[in-house]
Structures are given as structure tokens and as C-alpha cells.
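The values are calculated or read from the model by the stated rules, or taken from the named source; none is laboratory data. No experiment lies behind these values; they were computed from the predicted model shown. Here the Cβ positions follow ideal geometry from the backbone for every residue, glycine too, while neighbour counts run over all protein chains shown. Quick note on the areas: whole protein, heavy atoms, side chains included, nothing else; ligands and nucleic acids left out. Shrake-Rupley method; radii C 1.70, N 1.55, O 1.52, S 1.80 Å.
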Amino acid sequence: MFTTRTLLRGSEDEQTLKGLSRQVIGAFGLLRGVVHMEFIKRRDEGRFYFLETAARVGGANIVELIEAATGINLWREWAWIELIPHDRAYQLPEYQQNHAGIIVTLARQEYPDTSAYQDQEIVWRLTKRHHAGFVITSQDSDRIKFLLDEYTQRFSNDFLATLPPHETRPPS
């Protein structure tokens, strides 16, 4: 099961991640384009650890999450960046400042029925075989956190697909 959400604007975490991202982008010498970057934060110590980066839009339906929070479609903006002549600067369009979150899981049902989930914050539903997922949005970051916590429990009961550990045999 995968969940993530937008950070609280102006938070210490946001500032830290912006600084780390600038360092990574600077190290690669990227002057224009898009970057997908992943970090993970250890709860017990509060440090961020770099996971990966790529010169592309993020996967795992992150585009839908960003569009729900900001109204900006990252694929469209990437196309604009690539089409603008190099002597002109890219101008970010005006954007909304909502919060958003996503939850996605592999589902044991071929086509899971998510109709029991009717919260008004659900703005996108994943329709893919053996998957269940939503993007949610709200102006209240606490509401996003609450819903993701609730959905994690409910998805575990309603959809989550698991397999027992694979038996390994010692080499002969």
C-alpha cells in the first residue's frame, strides 16, 4: 500500500526538501526541464534520506495528486518547457494552494468496488485491474492526513492483496 500527501506550505520540511532538491539538481547541472525526486523521512530522527531522481514527471499517479492540489498538470507544463525557445524563460501559471493526498494498493479483487467511499474530498479514483486508489484534496491539511489514516485501515480490510512469504530452501 502506498500513501503520500503534500507538505504543509512554509513548513520546515518543505524548506529542507527544497534545499536538498536544489543541491541534487545543481549537482546534475540541469538548467531546464522537469525532475522527479524522492526522499524519505525517518520518523525517529527526523532526517531526510535521498531515494532517487530522474529527469521526468513522477509516476504512481503523482501527476493526479499535484493537479488536485494546484490545478497544474505536470505533463502539460513539461511540454511547454520543452517547446519554449531557450532564450525565453518559462513562466509558471497561477495555481491553487490546496492540499492533496493519494492512496493506492494492490487489490485481491479483480475490479474492487470503492462505492462505499463517498467523502467529498475524493477527486480521482484509480480504475485498474487489481488496484484500488484515490486522490483526495482539501484546503485543510489535517483533513487529508485524517482521511489517509482512515483509508489505510479500511483499504487493509477491504482490498489489500498479500501473499505468504516465499519458502526458500538452503542451497544443496
Original post:
Which whole-number value in Å² is the accessible area per residue of the chain, probe 1.4 Å?
Top reply: 69
Original post:
When the accessible area of the chain is split by element with a 1.4 Å probe, what percent falls to carbon and sulfur?
Top reply: 52
Original post:
Tell me, what does the Kirkwood hydrodynamic radius of the chain come to in angstroms if you use every pair of distinct C-alpha atoms?
Top reply: 18.4
Original post:
log₁₀ I(q)/I(0) of segment 29-110 at q = 0.16, 0.19, 0.24 Å⁻¹, via Debye over equal Cα point scatterers, no solvent, to two decimals?
Top reply: -0.83, -1.05, -1.25
Original post:
Tell me, in nm to one decimal, what length is gained between Thr127 and Arg88 on full extension, where the rule is 0.36 nm per residue of separation less the Cα-Cα distance?
Top reply: 10.1 nm
Original post:
For the chain, what does -39500 (n - 2.57) per DSSP helix run (n ≥ 4), summed and divided by total residues, give at 222 nm, in deg cm²/dmol to the nearest 500?
Top reply: -10000 deg cm²/dmol
Subject >> Charge context of Leu147, other residues only, Cβ under 11 angstrom, K/R +1, D/E -1 >> reply: -2
Original post:
In straight Cα distance, which aspartates and glutamates are under 18 Å from Lys18, not counting same-chain residues fewer than 8 positions off?
Top reply: Glu38, Glu52
Subject >> Residues of type lysines that Lys145 reaches as a straight line, Cα spacing below 18 Å, ignoring anything fewer than 8 places off in the same chain >> reply: Lys41
Subject >> Sites excluded, GluC sites (Glu not before Pro) in DSSP loops with at most 14 other C-beta within 10 Å, longest stretch of the chain >> reply: 111-166
Original post:
Shape call for segment 73-172 from the C-alpha gyration tensor, a ≥ b ≥ c root eigenvalues: rounded (a/c under 1.5), prolate (a/b greater than b/c) or oblate?
Top reply: oblate
